[in-house]
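Every read-out reported here was derived from the displayed coordinates using simple, explicitly stated rules and does not represent laboratory data. What you see is a predicted model, and the numbers here were worked out from it, not measured in a lab. Here the Cβ is made from the backbone with ideal geometry for all residues, glycine too, and neighbour counts use every protein chain on show.
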Amino acid sequence: MPEEKLPDTKALKQHLIDPEICIRCHTCEMTCPIEAITHNEDNVVVDADKCNFCMACIPVCPTGSIDEWRVVEKPYSLDEQYAWTELPEQQEIGATNGDEIEALDEAMAALLADAHKGAGGKSKAPASAAKPSVNLYNLAKPATAKVQGSYKLTADGSGADVRHIILDFGGQPFPALEGQSIGILPPGTDKDGKPHLPRLYSVSSPRDGERPNYNNVSLTVKREEHGVCSNYVCDLERGDEVRVTGPFGSTFLMPDDASAKLLMICTGTGSAPFRAFTMRRQRVAAGMSGDMVLFFGARTPDSLPYFGPLSKIPEHLLRKHLVFSRIPGTEKEYVQDRMMREQEAIAEMIIDPNVHIYICGLRGMEEGVEQAFSSIAESAGQSWSSMRDAMRDEGRYHVETY
Amino acid sequence: MMDLMNVSYDTQIPNNVGLSSDKRVLKALEKWHPGYINWWNDLIPDNFQQSLVYLRTAVSVDPKGWAKFDYVKMPEYRWGVLLAPQGEDRKIPCGEHMGQPAWQEVPGEYRNMLKRLIIIQGDTEPASVEQQRFLGLTAPSLYDMRNLFQVNVEEGRHLWAMVYLLHKYFGKDGRGEADDLLRRSSGSEEAPRMLGAFNEETPDWLSFFMFTYFTDRDGKMQLESLAQSGFDPLSRTCRFMLTEEAHHMFVGETGVGRTIERTCQVMNEHGIEDPYEIDKIRSYGVIDLPTIQKKLNLHYTLSLDLFGQEVSTNAANAFNAGIKGRYMEHRIDDDHQLTNDTYVVWDLEGDEAVRKDVPALTAINMRLRDDYTQDASGGVGRWNKAIEKAGINFQLKLPHESFNRKIGVFAGKPFDPDGKRISVDEYAKGEPNWLPTPADGDYIQSLMKPVYEPGKFAGWIAPPKVGIDNKPGDFEYVKLHMA
């Protein structure tokens, strides 16, 4: 994601337990390190004044009843929760209604809505996607991460400076799913003397960490000429501390379903979520065929992030189309050009109900990709816009562009 | 520094106790390991051993790594030795040594008492797997089959937990006892399991759900009281086991709940208002509520026997020694030594069941049993809510503690489920209405037909409200190996 600003909001995400599903085993209560969970004869409840979203109670719950959240202006009291026989519905609050809340900060949600608008309607998460945690950290209470490493992904003479940055969260829980973004708070003030607001970046590591079972995430960041935050991030050195908000985003997520096929189209740092998707599949679906196809555009091989590691991923796991627009002596080729050359394969994919399509990168790529899809669909006698809308409503079509 | 949070895989046995630098125990466990694998492989039917089961495995004992879900073949499940992290400055929470630092080694004077408690706990773990070994063949869905296997592999891991303690802290004796845990076998003539309830077979899925609801809940209470132990390695072991035990409670409560839900649904579909129209209800292939009450009566009373005598000097000694605490010891507001306290227990005066004050120290078993009964009644209340919601006039209830007892003051005495002393004749006459008859068993057995298609459920049970690990309804929880 590019550099955009986001303010904070007063709405609050409240952690609740579904009394219809809970079996009152009290394992959550025993696990909670700060005694935010308590019970009476009827219900087990979470005290909104105490809960700090550490998420320690989530995996120990045998029923899944613990993983319930409502955005509220005023939190439900303990007495209200004791009296429940079922959970209340999510109330409509300001701009954030519906079941998939991308962020609690209104501007933040607006920003993600803008990034997702290329999908042509309200985005939905894949049906089998894991439930994302959203907004565990905000401006008032950011997490502090330590830089574990910063590696340049592009060659010196390539004209681009893209870096792979690894952030370690130590003891702070930071559950980020593939496809989610985090906010980075650059230090210092703007020209009006106000502190800089956070900028958003997609994580490029899978949910169990850049290194399995380490509490770290990676980012893929391109240095922009006058970008306050991108220069800050690209200049970070090992051991530096960074203030982080998020995670954000609840629809641009991958299906948790080994039989789902992924068609991923990106340019530049838009590859970040797809690196995460691919690593996730490599780690969990060992033995399954990949059923992932990637169209990845850049100017030249030495400006394409992860060119080296990508070429090591076997084709049966990830079919790769690396497309370059500035190779001297070669005709310019963009992702949409390659898509047209592969139109038969794509035509087969878009009618397959197991296929999920993801598009991520600069906004400029949208039009060409959209045209390629339209023309491929038409040659098969289909209307692209209705196919796309149906796929989107099923949580199978996702766009994140900036 | 040794990493005590994450599970280490540098030995054949995953662990967070630094086994790789404890050669003596490692060697002993490696010697025990093949016997365990043989026991497992001989037990569970082979096509299930070859199937991929969507199980959770712990990769660390902190909440973050506690529940990793993935497909695994059961014989390749990472059974290991996992202890909850050591608390700083933990003190003995009760008894005459209260307030002294918790023992990190076995206190010599309590060695035999401790060993006995660990063996009894250890003996129940493989026993339940033995009792449930054939249930996969009649699973009402892949979802239920997966839950069964999750319970089974975790009971297997609990055996490992106890065997580790025996090997680590009890030398040659301990090794012998660990071998015996694999030698005894549920229902065996020559070497049965130590506790009666663990030699009964689990013939059908309703029995399995009742067993996990009632009998595993006894296990939970025992683990709760051992988690209070002044012997810190035992406490840490049991604390981690409790997180796993919660899943077993879940399987029991929702299993019985889904059976009830389905029965109510079918009664409503066919306009049956009287829950005692048993033949008619059964003709639609569901289990009538009165029969569910009978199963409940049986399993609840069998599990009460597991708590032993109401007044017990053994229990008093274990508490006083600080080897075993009470349920939620740290939340009880008293002197934790019970020097002057009394507690109310059941006793017999003539034919009457009466409540009587005795020194609290001798009533430790009774107190744990009362906590158990309270815990168990919660789920019964939730089942009743579902019946009420369906508009059916029927209430399940826990029978009186005097009914159908083999151990304690009521042992062998005829009481009805309301706690009224009756004659032997009256008991014989009433029994078919109170406890499952062979005909009830045959009927339930007739419903036990496997359903192996993802997302489909047998007709006598409703689907769950939420999938495991938030999976969608038609998720293939077990990829069956069809040989």
Inset, instruction - At 7 Å along the Cα-to-beta-carbon direction for both B:M98 and A:E80, put a label point, then send me their distance in nm to one decimal. - result: 4.1
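Looking at region A:143-248, what % of the alpha carbon pairs are farther apart than 23 Å?
Details: 1302 of 5565 pairs.
Tail of the P(r) past 23 Å holds 23 percent of the pairs.
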Inset, instruction - Count, for each residue of B:465-472, the Cβ atoms from other chains sitting within 10 Å of its Cβ, then give me the mean as a whole number. - result: 5
Inset, instruction - Using amide H atoms built 1.01 Å from N in the peptide plane, name the residues 5+ places from A:K222, or on other chains, whose amide H lies under 5 Å from its own. - result: A:R163
Inset, instruction - Find the percent of Cα-Cα distances in region B:167-266 that exceed 23 Å, and round it to a whole number. - result: 45
Legend entry - Distance between modelled label sites at A:Q91 and B:N112, nm, 7 Å Cα→Cβ extension: 6.6
Inset, instruction - Mind checking which of B:S186, B:L165, B:F198 is farthest towards the positive end of region B:156-198's charge dipole, using Cβ charges of +1 (Lys, Arg) and -1 (Asp, Glu) about the Cα centre? - result: B:L165
Inset, instruction - Counting residues in region B:1-143 as N, plug N into 2.2 N^0.38 Å and put the Cα Rg over that result. - result: 1.27
Inset, instruction - Go through region A:364-402 and name the GluC sites (Glu not before Pro) that are in a DSSP coil and have 15 or fewer other Cβ atoms within 10 Å of their Cβ. - result: A:E394
Legend entry - Gained length - A:S383 relative to A:N213, 0.36 nm times residue gap less alpha-carbon distance: 56.8 nm
Legend entry - Backbone HN-Hα couplings from phi across region A:323-329 [Karplus 6.51/-1.76/1.60, Hz, Gly and Pro as x]: 10, 10, 10, 9, 8, x, x
Legend entry - All-pairs Cα distance distribution in chain B, expressed in whole percent, bin size 20 Å: 23, 55, 22, 0
Inset, instruction - State to the nearest 20 debye the size of the charge dipole of region B:22-479 about its Cα centre, where the only charges are +1 on K and R beta carbons and -1 on D and E beta carbons. - result: 1240
Inset, instruction - Tell me which residues come under 5 Å, amide H to amide H, from A:H356 once H is placed; ignore anything under 5 positions away on its chain. - result: A:K261, A:L262, A:L263
Legend entry - Among A:N231, A:P195, A:Q180 the positive-end extreme of the charge dipole of region A:143-248 (Cβ point charges): A:Q180
Legend entry - Förster-model FRET efficiency, 45 Å R0, A:T144 and B:N384, C-beta, rounded to 0.05: 0.35
Inset, instruction - Take the Cβ-Cβ distance between A:K152 and A:E237 as r, set R0 to 22 Å, and report the resulting FRET efficiency rounded to the nearest 0.05. - result: 0.95
Inset, instruction - List the aspartates and glutamates whose Cα lies under 18 Å from the Cα of B:K115, skipping any in the same chain that are fewer than 8 positions away. - result: B:E105, B:D123, B:E125, B:D173, B:E177, B:D179, B:D180, B:E224, B:D232
Inset, instruction - Take the Cα coordinates of chain A, assign each an equal point scatterer, and use the Debye formula without solvent to give log10 I(q)/I(0) at q = 0.12, 0.13 Å⁻¹. - result: -0.98, -1.14
Inset, instruction - Let me have the relative contact order for chain A, percent, based on Cα pairs under 8 Å that are six or more residues apart. - result: 17
Legend entry - A:T189 versus A:H226: modelled label distance in nm, points set 7 Å from Cα along the beta carbon direction: 2.1
Legend entry - ³J(HN,Hα) computed for each position of region A:151-158 - Karplus, 6.51 cos²θ - 1.76 cosθ + 1.60, integer Hz, glycine/proline x: 10, 7, 9, 10, 6, 4, x, 7
Inset, instruction - Name the residue farthest towards the positive end of the dipole of region B:22-479 from the options B:L338, B:C94, B:W39, assuming +1 on Cβ of Lys and Arg, -1 on Cβ of Asp and Glu, about the Cα centre. - result: B:W39
Legend entry - Amide H contacts of A:Q180 (H built 1.01 Å from N, under 5 Å, at least 5 apart or other chain): A:V203
Legend entry - Test item: Cα-centred dipole of region B:105-243, Lys/Arg +1 and Asp/Glu -1 on Cβ, debye: 440
Inset, instruction - Report, as a whole number in µm² per second, the diffusion coefficient that Stokes-Einstein gives for the protein assembly as shown at 20 °C and 1.002 mPa s using the Kirkwood radius over alpha carbon pairs. - result: 71
Inset, instruction - Write down Rg/Rh for region A:12-99, rounded to two decimals, with Rg from the C-alpha atoms and Rh from the Kirkwood relation over Cα pairs. - result: 0.94
Legend entry - Nearest-20 debye value, chain A charge dipole, Cβ charges on Lys, Arg, Asp, Glu: 1440
Inset, instruction - Starting at the first residue of region A:19-27, write each ³J(HN,Hα) from the Karplus equation 6.51 cos²θ - 1.76 cosθ + 1.60 with θ = phi - 60°, in whole Hz, x for Gly and Pro. - result: x, 7, 9, 4, 9, 6, 7, 6, 5
